[in-house]
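Input: a single structure, listed below in structure tokens.
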Amino acid sequence: MLRASVNHHNSDIQPDRIVGGAEECGIEHAKEIFALTDAVVLRDTAEYPDARIRAELRVGRDATDRLVMVAANFQQMNRMMDAIGGRVPTSVEPLAAEMGLTIPNHLASTTA
Amino acid sequence: MTTSLIAEFEALCARQFDDIARASVWWTGEEKLAMAAVARAAMTGRAIPETSLGEAPLEATGRVAAEASSLRKADIERWEAEGMRVEAYVELVGVVGRLAALDTAAFGLGFDPTPLPTPVAGAPLEATVPGVDYVDGWVPTAGIAFPPTAYTAVPGATELWIDVSSVLYMPLEEMGDPTFVRDGATRAQIELVAARTSYLNDCFY
């Protein structure tokens, strides 16, 4: 869905930079969004106030709140999928490779 | 944060913590609140509090809360051998996952974590779901194991995570829309946060 939404806006995503996290990756204001996400997920009380202000200046207060809530939701989703051993569909492998990641054997699936 | 967002989040917390305080399918309210307390400590690096949880649920709670990517099928099998049903494990994962979401959102929105409520007395239903099976996952599910089926071995558990996901992320019916915008955040920005969070959690899904 990340790629589909980026393509919809005729942009060109650079998935490897999601791993890097500090550069623009083809999505508007990605640098500030990376910093916001990192600070809230890692509960970095030192970095969070500055990351939040920078995000608010770029995307606005409501959007910043929404992005924080999305990160929070994926704290739930990640734990759920890792804990139930949901396999990663083979269709995701090309994107993982673009990000420089290899799906671990215990999560690899034969299902597309 | 706008008044409507505050109200929506506070209402979500009220519903979710009310559930956590009550007996459900495999755990009492007291046990679920103990899981919440242990998960909070594990996620923030604090000492694990004194708890009435048995060894298997205590270990499982800590692992799901703080190092979910290290879990393997053998862990679940070991906990089953120690007496924790796999359905009870599924419900435990739901409690810890929802707690993680609510506490993270509270931090990011500038709220204190919701105080854990007083447990409501009651016994678990101990109800099973017919027809669930192991389909490309470590726990029984209704169909292949992926988010919409993850908790289907436990009656009511799916609705609880959908409640959290709908408020914090997006309603299920919007999932296929690449043009979805919420509170000014574009779908691409939303999915960027999802991808980055998953990377930080070492989650490949």
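The values are calculated or read from the model by the stated rules, or taken from the named source; none is laboratory data. This one's a predicted model, so the numbers in the text were calculated from it and none came from an experiment. Methodologically, a virtual Cβ is constructed for each residue, glycine included, from the backbone with ideal geometry; neighbour enumeration extends over all protein chains shown.
When residues of the stretch B:1-47 are filtered for being within 14 Å of another protein chain (Cβ to nearest Cβ) and in a loop (DSSP other than H, G, I, E, B), how many remain?
Of the residues in that region, 4 qualify.
Sort through B:A47, B:A42, B:A68 and tell me the only one that's in contact with a helix residue (DSSP H, G or I) (Cβ under 7 Å, 6 or more places away or on another chain), surrounded by 14 or more Cβ atoms within 10 Å (Cβ to Cβ), among the hydrophobic types (A, V, I, L, M, F, W, C) and more than 23 Å from A:R87 (Cβ to Cβ).
Only one candidate qualifies: B:A42.
Looking only at the stretch B:182-203, decide whether some residue is over 27 Å from A:R58 (Cβ atoms) and more than 7 Å from chain A (Cβ to nearest Cβ).
The answer is yes, given that some residue of the stretch B:182-203 is over 27 Å from A:R58 (Cβ atoms) and more than 7 Å from chain A (Cβ to nearest Cβ).
In the stretch B:132-147, is there at least one residue being among the polar types (S, T, N, Q) and either over 19 Å from B:V38 (Cα atoms) or facing chain A (nearest Cβ under 8 Å) (or both)?
Looking for residues that are among the polar types (S, T, N, Q) and either over 19 Å from B:V38 (Cα atoms) or facing chain A (nearest Cβ under 8 Å) (or both), one finds at least one in the stretch B:132-147, hence yes.
Please specify each residue of the stretch B:16-75 satisfying the condition of being without any contact (Cβ under 8 Å) to a residue 24 or more places away in the chain and hydroxyl-bearing (S, T, Y).
Hits for the stretch B:16-75 are B:T44, B:T51, B:S52, B:S70.
Residue by residue through the stretch A:1-60, note down the ones that are modelled with pLDDT of 70 or more, in a loop (DSSP other than H, G, I, E, B) and acidic (D, E).
A:E24, A:E28, A:D44, A:E47
Every residue in the stretch A:58-100 that is in contact (Cβ under 8 Å) with a residue 12 or more places away in the chain, at the interface with another protein chain (Cβ under 7 Å from one of its Cβ atoms) and of a type in the set (A, V, I, L, M), please.
A:V59, A:L67, A:V68, A:A71, A:A72, A:V88
Return the only residue of B:P171, B:P124 being in contact (Cβ under 8 Å) with a residue 24 or more places away in the chain, out of contact with any His (no Cβ under 9 Å at 6 or more places or on another chain) and not small (G, A, S).
On inspection, the qualifying residue turns out to be B:P124.
Pick out the one residue from B:A47, B:A68, B:A74, B:A60 that is more than 26 Å from B:Y199 (Cβ to Cβ) and not assigned by TED's automatic domain parsing to the domain that holds B:N201.
It is B:A47.
Considering the stretch B:71-117 alone, what residues qualify as being part of a helix (DSSP H, G or I), in contact with a Cys (Cβ under 9 Å, 6 or more places away or on another chain) and not small (G, A, S)?
Scanning the stretch B:71-117 gives a single hit, B:L102.
Kindly provide the set of residues from the stretch B:139-156 that are surrounded by fewer than 24 Cβ atoms within 10 Å (Cβ to Cβ) and in contact (Cβ under 8 Å) with a residue 60 or more places away in the chain, ordered by number.
B:P155, B:G156
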